1. Give Ala60, Ala22, Ala68, Ala51 a once-over and let me know the one that is among the aliphatic types (A, V, I, L, M), over 19 Å from His101 (Cα atoms) and crowded, with 24+ Cβ neighbours inside 10 Å.
2. How about region 15-58: which of its residues are of a type in the set (Asp, Glu), away from the ligand (no atom under 16 Å from the Cβ), part of a strand (DSSP E or B) and farther than 15 Å from Lys75 by Cα?
Amino acid sequence: MYSEKVMDHFMNPRNVGEIENADGVGEVGNAKCGDIMKMYLKIDNGVIVDAKFKTFGCGAAVATSSMATEMIKGKTVEEALKITNKAVAEALDGLPPVKMHCSVLAEEAIKSAIADYMKNRGISLDNDGGDCNACSRRCEDVHEQFDEDSA
Ligand code: FES
């Protein structure tokens, strides 16, 4: 049912843990199953130099978070915002359709942590100032504001 890569990242997840003094921290929940994930990012000069996560989630959530953190390390914030849950699932050689929603948790956690980083830098987000649950509109806003900020 699961690819070898999924099993590998589930059995030996990369980047589990916390980052002290993280530049961005995001926490999201999966409405479908109630699982939650926390993501920590260390960002230097707009580049994600470290990423760690903690999750109370299923194996597919662990595997996708593990792969997602590997994929965003070394990328700019802008590039990381473009990584979709589908891209993460593809990097794992696919997920069973019923587990695709689990990969959304990883994508949303990254976006939420980036939104937090933006907020810490004093860039106002075009939302109510509450937790960014990383719906696509908010993420686009974050993206746009980052572009403006770095222009
Ligand atoms: Fe909850 Fe997979 S069942 S994240």
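Each reported figure results from applying straightforward, stated rules to the coordinates on display, with no laboratory input. The structure displayed is predicted, hence computed values, not measured ones. Using ideal geometry, Cβ is built from the backbone for each residue, glycine included, and neighbour counts are taken over all protein chains shown.
1. Working: Ala60 fails: over 19 Å from His101 (Cα atoms); Ala22 fails: crowded, with 24+ Cβ neighbours inside 10 Å; Ala68 fails: over 19 Å from His101 (Cα atoms).
That would be Ala51, the only listed residue that is among the aliphatic types (A, V, I, L, M), over 19 Å from His101 (Cα atoms) and crowded, with 24+ Cβ neighbours inside 10 Å.
2. Step one: of region 15-58, the residues of a type in the set (Asp, Glu) are 18, 20, 23, 27, 35, 44, 50.
Within this subset, residues satisfying the condition of being away from the ligand (no atom under 16 Å from the Cβ) are 18, 20, 23, 44, 50.
Now restrict to residues that are part of a strand (DSSP E or B): 44, 50.
The answer is none; no residue qualifies.
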